[in-house]
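Here's the structure, in structure tokens; my notes come after.
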Amino acid sequence: VKDFFIDRYETTIGEYAAFLNSGGRDAFWWEDMADPDWCGIVKKAPGRYEIVPGKEFHPVVIVKLEGAKAYAAWAGKRLPTEYEWEIAARGGSDRLYPWGNEPPDPSRANYDFHYGRTLSVGSFPKGATPEGLFDMAGNVNEMIDVVWSEYPWGKQYAENILVDRVARGGAWVTPPFKLKTAHRDVVKSHYMAPFVGFRCAKNAET
């Protein structure tokens, strides 16, 4: 894996709203995004969006893969590969969780309905990686732009023919075992769920 940068935080509602307000991005907003319990981006007119107060720093959800990729390109970035995401979560070590080997608890991550919704990014400094990445476990599942398949060095299961894409990190709705740095998950290809978001990466080369 070549050197890369990855965002310290999951992409926020405020950041995604700025993208929508940059013009010509209406195709990447959906009516369900206006629900303040989930996302809270309200369309006021074509190309004009407002955020429900208090939601600015929550991770953006109810977003399709196409919207995530368009945002990333607008920001001069891209979605991380699955290998990049795991390297970032594990820090090149064998730690079980982003913060180390201690088991999850609600002071480290937002998971298993402990809080019942997304929380502002960076709310769990005890759960950050030693390198300074936040919410690599919990809050929202993070999109990876690849269709799920078996690892090439692992056992191959012919019956596992999936069309869904990989997601990593677990979410506010998921049980603790899904917070492990090596855990692989999938989410439905439409991605319009209140527990799926993303963070961005980019190549280290300029």
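The values are calculated or read from the model by the stated rules, or taken from the named source; none is laboratory data. All figures in this text were calculated on a predicted structure; none of them were measured in a lab. Cβ placement follows ideal geometry from the backbone for every residue including glycine, while neighbour counts extend to all protein chains displayed. Accessible surface areas use protein heavy atoms only, side chains included; no ligands, DNA or RNA. Shrake-Rupley method; radii C 1.70, N 1.55, O 1.52, S 1.80 Å.
Annotations
- Count - residues of the range 109-144 that are out of contact with any Leu (no Cβ under 8 Å at 6 or more places or on another chain) and outside any loop (DSSP other than H, G, I, E, B): 5
- Failed item, numbered, when LYS55 is tested on (1) within 28 Å of GLY116 (Cα to Cα); (2) among the basic types (Lys, Arg); (3) open to solvent by 30 Å² or more (accessible area, probe 1.4 Å): (3)
- Checking each residue in the range 74-92 for being under 16 Å from GLY127 (Cβ atoms) and open to solvent by 50 Å² or more (accessible area, probe 1.4 Å) picks out only ARG90.
- Of residues in the range 184-206 being out of contact with any helix residue (DSSP H, G or I) (no Cβ under 7 Å at 6 or more places or on another chain) and within 24 Å of ASP3 (Cα to Cα), the one surrounded by the most Cβ atoms within 10 Å (Cβ to Cβ): GLY197
- Residues of the range 84-101 that are among the hydroxyl-bearing types (Ser, Thr, Tyr) and modelled with pLDDT under 95: SER93 alone.
To keep it simple, each residue is scored yes or no on (1) modelled with pLDDT under 95; (2) under 16 Å from TRP38 (Cα atoms); (3) surrounded by fewer than 24 Cβ atoms within 10 Å (Cβ to Cβ); (4) in contact with a Pro (Cβ under 8 Å, 6 or more places away or on another chain).
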| site | (1), (2), (3), (4) |
| --- | --- |
| LYS69 | no, no, yes, no |
| PRO103 | no, no, yes, yes |
| ARG108 | no, no, yes, no |
| TYR111 | no, yes, no, yes |
| LEU119 | no, yes, yes, no |
| PRO130 | no, no, yes, no |
| MET136 | no, no, no, yes |
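- Applying the condition of being out of contact with any Phe, Trp or Tyr (no Cβ under 8 Å at 6 or more places or on another chain) and within 20 Å of ALA137 (Cα to Cα) to the range 5-33 and asking which residue is surrounded by the most Cβ atoms within 10 Å (Cβ to Cβ) yields ASP7.
- Evaluation of THR181 against the conditions (1) at pLDDT 95 or above; (2) open to solvent by 30 Å² or more (accessible area, probe 1.4 Å); (3) among the hydroxyl-bearing types (Ser, Thr, Tyr) shows that the sole unmet condition is (2).
- The single condition from (1) closer than 22 Å to ARG165 by Cα; (2) modelled with pLDDT under 95 that TRP29 fails is (2).
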